[in-house]
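Colleague: Structure provided below as structure tokens; questions to follow.
The values are calculated or read from the model by the stated rules, or taken from the named source; none is laboratory data. All of these numbers come straight from a predicted model, not from anything done at the bench. Cβ: placed from backbone, ideal geometry, glycine included. Neighbour counts: every protein chain shown.
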Amino acid sequence: MLRIAVLASGGGTDLQSILDACESGQIDGRVVLVISNVAGAGALKRAKDYDVRAAFIDHRGKSRGAHEREMVMELDAAKPDLIVLAGYLRMLTYDFINKYKNKIINIHPALLPKYGGKGMHGLRVHRAVLEFGDSESGCSVHFVTEEVDGGPVIARMKAPVKPGDTPETLQARVLMAEHLLLPMVIQWFAQGKVYTENWKPVDLPMA
């Protein structure tokens, strides 16, 4: 059974998709830890509702290294096989990423490498897609490296951009794709199907 840790700063809908997939058997694994840097994050409540260890680790007033050392204590105690960033809005240091090399993945609300990088999250991404007049968007799951949103892409799932879309309506459609793609990729890890050398991104239409 794959042991999964999730880092999230917000409401935790991507976390919920993982919890549901574990409960239904779609993922051969279980969430063993949820960490958030926001005290009132919905992700923490969702974790508690499923009797999953929920840890609030405040980043305020601390160096990035000090904050991550607290996270490492929680993670090493939980012994996860995979760490999933699901709406986690903190940049990670080289030391943290290197400690869990090839064990950290992130989901991003765009078809990387487009619309990635520092500051590109939430509605900013969807606003950029609409401003550039793209006919499609989607989401990507990638390995986390020092380069923000620059790690190798594991898989992408497309979502159409429709006439009259606003950043909010496009966000909702892409979020539906995230909830399909993320559990699918995590199951690939559980099955040992993901490798790090010469991996070619898998491109999927939205189901």
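Colleague: Do we find that Asp134 is acidic (Asp, Glu), farther than 20 Å from Glu197 by Cβ and over 11 Å from the mean Cα position of the chain (by Cα) in this structure?
Modeller: Spelling it out, Asp134 is indeed acidic (Asp, Glu), farther than 20 Å from Glu197 by Cβ and over 11 Å from the mean Cα position of the chain (by Cα).
Colleague: Kindly state which strands (runs of 3 or more DSSP E) lie completely within segment 1-114 and contain at least 2 residues that are surrounded by fewer than 17 Cβ atoms within 10 Å (Cβ to Cβ) and touching a residue at least 60 places away in the same chain (Cβ under 8 Å).
Modeller: No strands (runs of 3 or more DSSP E) qualify here.
Colleague: Under 6 Å by Cβ, and 6 or more places apart or on different chains, what pairs join a residue from segment 128-153 that is in contact (Cβ under 8 Å) with a residue 40 or more places away in the chain and part of a helix (DSSP H, G or I) with one that is buried (at least 16 other Cβ atoms within 10 Å of the Cβ) and of a type in the set (S, T, N, Q)?
Modeller: Taking only residues 6 or more apart or on different chains, the pairs are Val129/Ser137.
Colleague: Please tell me if Phe189 is surrounded by 16 or more Cβ atoms within 10 Å (Cβ to Cβ) and touching a Gly at 6+ places or on another chain (Cβ under 6 Å).
Modeller: no
Colleague: To continue, here is another question. Output the residues belonging to segment 84-116 that are in contact with a Phe, Trp or Tyr (Cβ under 8 Å, 6 or more places away or on another chain) and under 17 Å from Arg3 (Cβ atoms).
Modeller: Across segment 84-116, the qualifying residues are Asn102, Ile104, Ile105.
Colleague: Of a type in the set (Phe, Trp, Tyr), modelled with pLDDT of 95 or more and either touching a Leu at 6+ places or on another chain (Cβ under 8 Å) or surrounded by fewer than 16 Cβ atoms within 10 Å (Cβ to Cβ) (or both), is that true of Phe143?
Modeller: In short, no.
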